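J.: Pasting a structure below so you can have a look.
The values are calculated or read from the model by the stated rules, or taken from the named source; none is laboratory data. All figures in this text were calculated on a predicted structure; none of them were measured in a lab. Positions of Cβ are generated from backbone atoms using ideal geometry, with glycine treated the same way; all protein chains shown enter the neighbour counts. We work out accessible area using only protein heavy atoms, side chains counted, and drop any ligands, DNA or RNA first. Shrake-Rupley method; radii C 1.70, N 1.55, O 1.52, S 1.80 Å.
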Amino acid sequence: NAGVTQTPKFRVLKTGQSMTLLCAQDMNHEYMYWYRQDPGMGLRLIHYSVGEGTTAKGEVPDGYNVSRLKKQNFLLGLESAAPSQTSVYFCASGEDGDPYEQYFGPGTRLTVT
Amino acid sequence: DAKTTQPNSMESNEEEPVHLPCNHSTISGTDYIHWYRQLPSQGPEYVIHGLTSNVNNRMASLAIAEDRKSSTLILHRATLRDAAVYYCILDSNYQLIWGAGTKLIIKP
């Protein structure tokens, strides 16, 4: 049981490049989330999903897109990376019936130059 | 969205109890209070949550004020492995609103 995994662990992009971050969970959770964490700050919600095929905007959605084509996967896309998107990105999943206990992945450290 | 206020940092001695305070004066009647912690270079880890009554689990206890405007996370016997940033969080419609948290330093 791997829990929540994220790919890649590290990435460096140049301004304007695009990329996709992959989150996978093997706990059959309905709810999945993408957060970003800037130095010295708490997490901010980018987008979330309450089930396969559904997505919704969080607190800071601009510049990101997401897809949830399969229940176990939640993809986060950066269409045209900007230095302001340099951050650590965390994916989380939550159980059906109890979305408040979220299980987090190890994070992806992204640097945009 | 309701916000939480926590001290930036706290220190405690190993094997002593730790009380981490949190103020949430604008909490609404249906907001749950959640606590997560984040060890260095790791993703956050769920600790505990509650609504009105005090809650206990294997990791910690959560004491909620009668007016629900504040709460306290209690670690009964802190160890060096409890050194982390502790976040007090309110939820709003499946979304957790995170503050900057309290950095807990454990002294041997």
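J.: Report the residue count in the range B:62-95 for those that are within 11 Å of chain A (Cβ to nearest Cβ) and in contact with a Pro (Cβ under 9 Å, 6 or more places away or on another chain).
T.: So the count comes out to 5.
J.: Follow-up question, since we're still on this one. Looking at (1) more than 16 Å from B:Gln95 (Cα to Cα); (2) touching a residue at least 24 places away in the same chain (Cβ under 8 Å); (3) not charged (D, E, K, R), which is the only condition A:Tyr33 fails?
T.: Status for A:Tyr33: all satisfied but (1).
J.: Might you check whether a residue that is part of a loop (DSSP other than H, G, I, E, B), surrounded by 15 or more Cβ atoms within 10 Å (Cβ to Cβ) and within 12 Å of chain A (Cβ to nearest Cβ) occurs anywhere in the range B:36-44?
T.: The answer is yes, given that some residue of the range B:36-44 is part of a loop (DSSP other than H, G, I, E, B), surrounded by 15 or more Cβ atoms within 10 Å (Cβ to Cβ) and within 12 Å of chain A (Cβ to nearest Cβ).
J.: Right, next: Within the range A:6-113, considering only strands (runs of 3 or more DSSP E) that don't extend past its boundaries, which have at least 2 residues that are within 14 Å of another protein chain (Cβ to nearest Cβ)?
T.: Strands (runs of 3 or more DSSP E) meeting the threshold: A:19-25, A:31-37, A:43-49, A:87-95, A:98-104, A:108-112.
J.: Checking the conditions here, which among B:Leu75, B:Leu104 is in contact with a Phe, Trp or Tyr (Cβ under 7 Å, 6 or more places away or on another chain), closer than 26 Å to A:Pro39 by Cβ, modelled with pLDDT of 95 or more and aliphatic (A, V, I, L, M)? Break it down stepwise before answering.
T.: On the way: B:Leu75 fails: in contact with a Phe, Trp or Tyr (Cβ under 7 Å, 6 or more places away or on another chain).
That would be B:Leu104, the only listed residue that is in contact with a Phe, Trp or Tyr (Cβ under 7 Å, 6 or more places away or on another chain), closer than 26 Å to A:Pro39 by Cβ, modelled with pLDDT of 95 or more and aliphatic (A, V, I, L, M).
J.: Now a separate question. Specify the residue that is most open to solvent (accessible area, probe 1.4 Å); the eligible residues are those in the range A:1-30 that are without any contact (Cβ under 8 Å) to a residue 60 or more places away in the chain and touching a Phe, Trp or Tyr at 6+ places or on another chain (Cβ under 9 Å).
T.: If we take residues in the range A:1-30 being without any contact (Cβ under 8 Å) to a residue 60 or more places away in the chain and touching a Phe, Trp or Tyr at 6+ places or on another chain (Cβ under 9 Å), then A:Leu22 is most open to solvent (accessible area, probe 1.4 Å).
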